[in-house]
1. Name, by its number, the condition in (1) surrounded by 17 or more Cβ atoms within 10 Å (Cβ to Cβ); (2) under 28 Å from the mean Cα position of the chain (by Cα); (3) of a type outside the set (Gly, Ala, Ser) that does not hold for PHE96.
2. Taking the criterion of being at pLDDT 90 or above, part of a helix (DSSP H, G or I) and surrounded by fewer than 16 Cβ atoms within 10 Å (Cβ to Cβ), would at least one residue in region 186-202 satisfy it?
3. Do the conditions hold for THR136, that is, is it farther than 19 Å from PRO210 by Cβ, in the same structural domain as LEU180 (by TED's automatic domain parsing), more than 20 Å from the chain's Cα centre (by Cα) and not aliphatic (A, V, I, L, M)?
4. Take the residues in region 111-136 that are loosely packed, with under 13 Cβ neighbours inside 10 Å and of a type in the set (S, T, N, Q); name whichever of them is modelled with the lowest pLDDT.
5. Does region 168-180 contain any residue that is surrounded by fewer than 14 Cβ atoms within 10 Å (Cβ to Cβ) and not small (Gly, Ala, Ser)?
6. Condition first: surrounded by 10 or more Cβ atoms within 10 Å (Cβ to Cβ) and either at pLDDT 95 or above or farther than 27 Å from ALA132 by Cα (or both). Can you find one or more residues in region 51-58 that meet it?
7. Find the residue count for region 94-129, including only residues that are touching a residue at least 12 places away in the same chain (Cβ under 8 Å), out of contact with any Asp or Glu (no Cβ under 9 Å at 6 or more places or on another chain) and in a helix (DSSP H, G or I).
8. Cβ-Cβ below 6 Å, separation at least six or inter-chain, first residue in region 135-150 and touching a residue at least 12 places away in the same chain (Cβ under 8 Å), second acidic (Asp, Glu) and surrounded by fewer than 19 Cβ atoms within 10 Å (Cβ to Cβ): which pairs?
Amino acid sequence: MKDDVRKYIYGAVIVFIVGVLVWVGFIYTNACGFTLSCNRGAQVVERTPVPTLLPATMPAMEGPADVAASSAQCQVAAADLIGAWVEAGTPETDAFEFVDASGQKCESTYEEVRPLFIESNLWYSGSRSCVACHGTDVVTASAQLDLSNLAGIKAGSRRADAESNGTDILGAGKWTSSLLYDFISTSKADVPGHSDISSNLLIFAGTLLPEATPTP
């Protein structure tokens, strides 16, 4: 009889101890997880989150040679450079003259005009290149216009196929009357890629023309 009572007492004590350990273990695990450091139980430190830094895109510092090269170039609005080229008859290899932002006489070639149509991230930050929409396949190109080469630019827009000509976008050499000028100088929210174009975009292009020596 006494042995049975002892068994009951020992059993109850063991059950109680096991129950306490399980309860303590449950509380600890819930607060600290499966770790002895119990970092989850520490007081949360409030702080202002540090934003992710974008990669630096600052241009490299110019050395003496770079400074000399840039000083020999002219600074001009991209739209004005295209306009001077158009009014000069859109030459492919011959140089054409223009007046830069400082009123200086300069000259350039189509080689410096073409990148304005084929380079991305130029007219505004994140912009696609013009040829991304106005490419060589005039059937699928926006407005059936190919700006990838001189022949395509002169062939115009709304072309039936690659062999045909369309609507003149160069205004017959009158830049400010041309469709191309209108689409560059005027923001068009309804035309993809044209809503943020800045006609005041300044670029380095061309070279200064030597000043004429006055006749004595």
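1. The number of the failed condition is (2).
2. No, region 186-202 has no match at all.
3. Numbers: farther than 19 Å from PRO210 by Cβ: yes; in the same structural domain as LEU180 (by TED's automatic domain parsing): yes; more than 20 Å from the chain's Cα centre (by Cα): yes; not aliphatic (A, V, I, L, M): yes.
Here the answer is yes, as THR136 does meet what is asked.
4. Ranking the qualifying residues of region 111-136, first place goes to SER125.
5. At the first step, the residues of region 168-180 found to be surrounded by fewer than 14 Cβ atoms within 10 Å (Cβ to Cβ) are 172-174, 176-177.
Filter once more, keeping what is not small (Gly, Ala, Ser): 174, 176.
Within region 168-180, one or more residues are surrounded by fewer than 14 Cβ atoms within 10 Å (Cβ to Cβ) and not small (Gly, Ala, Ser).
6. First, pick out the residues of region 51-58 that are surrounded by 10 or more Cβ atoms within 10 Å (Cβ to Cβ): none.
Among the residues of region 51-58, not one is surrounded by 10 or more Cβ atoms within 10 Å (Cβ to Cβ) and either at pLDDT 95 or above or farther than 27 Å from ALA132 by Cα (or both), which makes the answer no.
7. The qualifying residues number 5.
8. Once the first residue is touching a residue at least 12 places away in the same chain (Cβ under 8 Å) and sits in region 135-150, its partners that are acidic (Asp, Glu) and surrounded by fewer than 19 Cβ atoms within 10 Å (Cβ to Cβ) give LEU150/GLU92.
The values are calculated or read from the model by the stated rules, or taken from the named source; none is laboratory data. Here the structure is a predicted model, which means the values were calculated and not measured. With ideal geometry, Cβ positions are generated from the backbone for all residues, glycine too; neighbour counts draw on all protein chains shown.
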